Structure formats: C-alpha cells, structure tokens
Amino acid sequence: MTPILFIDRDGTLIEEPADHQIDAFEKLRFVRNVIPALIKLRDAGWQFVIVSNQDGLGTEAYPQETFDGPHNLMLQVFQSQGITFRDVLIDPSFPADNSPNRKPGIGMMVGYLQDRSIDWSRSAMVGDRQTDIDFARNLNIRGFQLATEEFGGDWDWDGIAHELADAPRRALVQRNTKETQIRIAVDLDATAPCRFDTGLPFFDHMLEQIARHGGFALEVEAKGDLHIDEHHTIEDTALALGQALREALGDKRGIGRYGFTLPMDETLASAALDFSGRPYLVFECGFQREKVGDMPTELVQHFWRSLCDASGMNLHLSVQGDNDHHKIEAGFKAFARALRQSIARAGTQLPSTKGAL
C-alpha cells in the first residue's frame, strides 16, 4: 500500500506571483524547503501527484506555450534532485465553468479512487488555498494549508515532512490541582521547541538537560505554591513529565532499552533505564548541601521517583562526586542520554518477549 501526497502547484511547489500566472521563466521561484521536504517524504515511501487549477490555460488569456516552458523547467529541477511525479493533473477551466474536475471537485481523481494499491489512511493534500483543503476533505484525506500572506494557512514544508514522514510521537499533559498548574508538551521526534518556566531557575536548568541531551522537544510551564515551598512544583512536574513520556511512547514498538555513563569533572554518573511498565527506582547519591540554587537536594530523589511512577520506568541512577551541583546535573544528563537511546526508533518490533511493555 502506497501513500500519495497530492500537491497543488502555484503557491505550494513554486511561488505564485501577483498576477497568479507563472508564464515566464523569470517568474519561476521554488517555495522554501520544498525540495528537502519532498526528498524526505520520498524516502519514507510517498508518491507525488500534482493537482492544479490553471484558469483558462490554452486560451488567449493564458497561452499554452507560455505555461509549458516554466512548467517543464520546474519538473526538470525536481527530477534532477530525484523527485518525480506519478502524475500531473491540470484543470484549465474558469471558476464560472463549474467543472467537476476543478478543485475542490474530485473529477480528476476517478482513476485514483479505484486504485486499491493506494494507502488512503496516510495520503494527504498540500496546498495554499482553502479550495485545496476542501479538495482533501472531499477525498477524505488530511489537508495541509501552507502559510502565505495572501491566503493564510499554518504549515511550512519542514513541518509537513516531519508530520507525515516521522509520524511524531507527541503528548500534551495538563495537570491542575489546588497546589499546582502544570502544562507539559513533548515531541520525541523533534528537537525544538524547548522552553521551561517553573519559577525555579535551577530546576529549569535541569529540565533543559533532559530535553537537550535527550534530543527531543519539551515545553514545561508550571505555576505552583512556591510561597509554601518547592515540593509540590517539583513533584507534580515530575508526575506530568512521566505521564507525557508514557503517552508519547504509545505501545513502545521499535524503541531501544539502554543505559549511559557520563563524566562531569570530578563526578561520574551512570543511568540505566527500562520502559518496562513496572516503575522502580534505585538512586545512589548523597548530598552535602541542603539546596543547590533554589532546588532542595532532598527533592532530587523525589523527582526521579515521581517520574518513574508516572512513566512506568525502571531507573537505576548512580552518581559519585564531590560537588553537589555537578552531581545533580550529571545525574540529569546521564538520564537524558539513556533516555535518548531508549526512545530512539530502531524498527517496528516490540523489544520484549512478553508481547507487551
């Protein structure tokens, strides 16, 4: 089964001029990042079909010969980069003609609708106008509207390629209690954005270690009863983060299960973790200071325990050293590196003989 990406031409593959006609070579401009995005999608198994309305093509208003030169050059440039189109479907009618072939009509799609080799569940449409989204709706496939000043839209080609090719593992968790309001967003298959605001700068710095060294996008917003102490904010953030990781991993097919050892100056930290579904924490680290920055050292172990409980993770974290700042940070970094290896996709098999994780 092959997914098809149906693609509008003007304003989607190539930039659309003010007069809405690309009838000269000097008007040919490619939309930003379209070529690397299509290469990524091609490598992920997509085929491409151009579906375009060209008002009055072949008439005096838009002679065929002025269209053909820039159009053929566009196709040659794509082909030179290994991008080919399964089909190029062009409707030359005017809007007033009410042609069933004109988008959002799907008259040109009859042959595709009868093709049982097409994976319609993954197929999609990319365009710059509302008619392209309506066309997608008429085909019962997903539609992406590119962001343009003229027609609006929310997407760019990088985002579309990530959404379709990576099938990103995302989760959004909001945890609201009388003590805290936590919002955490994760995307395990992207590296940005990374934003942190818990009201505890040192804790924010540690959460950033998880995201940066873990290699995934993480946003954390926390409003807690810091006028009482830091306990609830740190605990509830750990619980929400653990829940987000568990939800984003889904059935855990294709993930690895690894550990990591990391040196940081005089400190040596070792983290071994397993998303086994059976939460357990072994934490070996002692502290001399009551606080590092605005984070009580007694809450470090509590953070890890709460994270394990909410994520269903088995974590063995051992840290040796003299400097408490280094020890906390090295522990977060070692965990993040182990997490990076454990969530990395390595096929589609479930890494368990039990049949479930």
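The values are calculated or read from the model by the stated rules, or taken from the named source; none is laboratory data. On a predicted model such as this, the values are computed, not experimentally measured, just so you know. Cβ atoms come from the backbone with ideal geometry, glycine included; neighbour counts cover every protein chain shown. Keep in mind that these areas ignore ligands, DNA and RNA; they rest on the heavy atoms of the full protein, side chains included. Shrake-Rupley method; radii C 1.70, N 1.55, O 1.52, S 1.80 Å.
Over the chain, with the other protein chains present, what is the accessible area per residue in square angstrom, probe 1.4 angstrom?
Numbers: 16750 Å² over 357 residues.
Per-residue value: 47 Å².
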Net dipole in debye of region 202-290 [+1 Lys, Arg Cβ; -1 Asp, Glu Cβ; about Cα centre; nearest 20]: 620
Accessible-area value, E298, 1.4 Å probe, nucleic acids and ligands omitted, Å²: 150
Largest to smallest accessible area among E60, E235 [probe 1.4 Å]: E60, E235
Rounded percent of accessible protein surface that carbon and sulfur make up, region 188-327, 1.4 Å probe: 46
Debye, to nearest 20: dipole size of region 158-241, +1 on Lys, Arg Cβ, -1 on Asp, Glu Cβ: 140
Contact order normalised by residue count of region 106-194, Cα under 8 Å, 6+ apart, percent: 17
HN-Hα J in Hz across region 135-142 - Karplus 6.51, -1.76, 1.60, θ = phi - 60°, x for Gly and Pro: 4, 4, 5, 5, 8, 6, 10, 6
Cα→Cβ-extended label distance, 7 Å offset, between K291 and S121, nm: 5.3
Shape of region 229-275, Cα gyration tensor, a/c cut at 1.5: oblate
Simple spin-label estimate for D225 and R195 in nanometres, 7 Å along Cα-Cβ: 2.8
Virtual spin-label span in nm between T66 and I39, 7 Å along Cα→Cβ: 3.4
Area accessible to solvent at M264, 1.4 Å probe radius, in Å²: 30
0 to 90° range, to nearest 10: angle between helix 298-311 axis and the chain longest Cα axis: 40
